[in-house]
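The values are calculated or read from the model by the stated rules, or taken from the named source; none is laboratory data. These numbers were taken from a predicted model, which means no experiment stands behind them. Note: ideal-geometry Cβ built from the backbone for every residue, glycine included; neighbour counts use all protein chains shown.
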Amino acid sequence: MAVIIGDTCINCAACIDECPVEAIVDEDDNPTGEELYYVYPDKCVECVDHHDEPACATACPTEGCITWDVKFAGDDKEHFKGGNYIDGLDYVMNDPDAEMPFRDDISDEDRKARANVVD
Ligand code: SF4
Ligand code: SF4
């Protein structure tokens, strides 16, 4: 990933059209079955080369809803294979072999802690 949309999402739709790569789907299309918007970790580019910060988080009105997640690159992709989404569910991906861009100024600690993207 990337970023993750948490369970405080109010399904307001402010983020979805801001994403430059169409990585976000609404609650009806969330492939995990949760009633939340969902970011496909194998599509999110962390807005690298598009915006100075993740545009979805800038648009989101709900504090702390969109947080950092583990990088979707290299060995870190193991994180996305089992039970680490929300409620112990698995993430859903279209292309597990993808290698996605990420912001290298965000620490692995902040990613694992799901730190807020925007304070
Ligand atoms: S960080 Fe950017 S690329 Fe990733 S889901 Fe948000 S808007 Fe889309
Ligand atoms: S902008 Fe925030 S609260 Fe609204 S749908 Fe997106 S993630 Fe959910």
Inside the range 31-61, can you point out the residues that are surrounded by fewer than 20 Cβ atoms within 10 Å (Cβ to Cβ) and of a type outside the set (A, V, I, L, M, F, W, C)? PRO31, THR32, GLY33, GLU34, GLU35, ASP49, HIS50, HIS51, ASP52, GLU53, THR58, PRO61
Determine which single condition CYS44 fails, assuming it passes every other condition in (1) within 13 Å of ligand 1 (Cβ to nearest atom); (2) more than 13 Å from MET100 (Cβ to Cβ); (3) not polar (S, T, N, Q). (2)
So which of LYS43, LYS71, LYS112, LYS81 ends up being more than 14 Å from CYS9 (Cα to Cα), touching a Phe, Trp or Tyr at 6+ places or on another chain (Cβ under 7 Å) and among the basic types (Lys, Arg)? LYS71
Assess whether GLU53 counts as being over 12 Å from MET100 (Cβ atoms), without any contact (Cβ under 8 Å) to a residue 60 or more places away in the chain and either within 14 Å of ligand 2 (Cβ to nearest atom) or of a type in the set (D, E, K, R) (or both). no
For ALA23, indicate whether it is in contact with a strand residue (DSSP E or B) (Cβ under 9 Å, 6 or more places away or on another chain), modelled with pLDDT under 95 and within 27 Å of ASP105 (Cβ to Cβ). no
When you look at ASP90, is it part of a loop (DSSP other than H, G, I, E, B), under 22 Å from ASP29 (Cα atoms) and acidic (Asp, Glu), yes or no? yes
What's the total number of residues in the range 8-35 that are more than 10 Å from ligand 2 (Cβ to nearest atom) and closer than 17 Å to GLY88 by Cα? 6
Identify all residues within the range 69-85 that are part of a loop (DSSP other than H, G, I, E, B) and surrounded by 15 or more Cβ atoms within 10 Å (Cβ to Cβ); write none if there are none. ASP69, VAL70, LYS71, PHE72, ASN84, TYR85
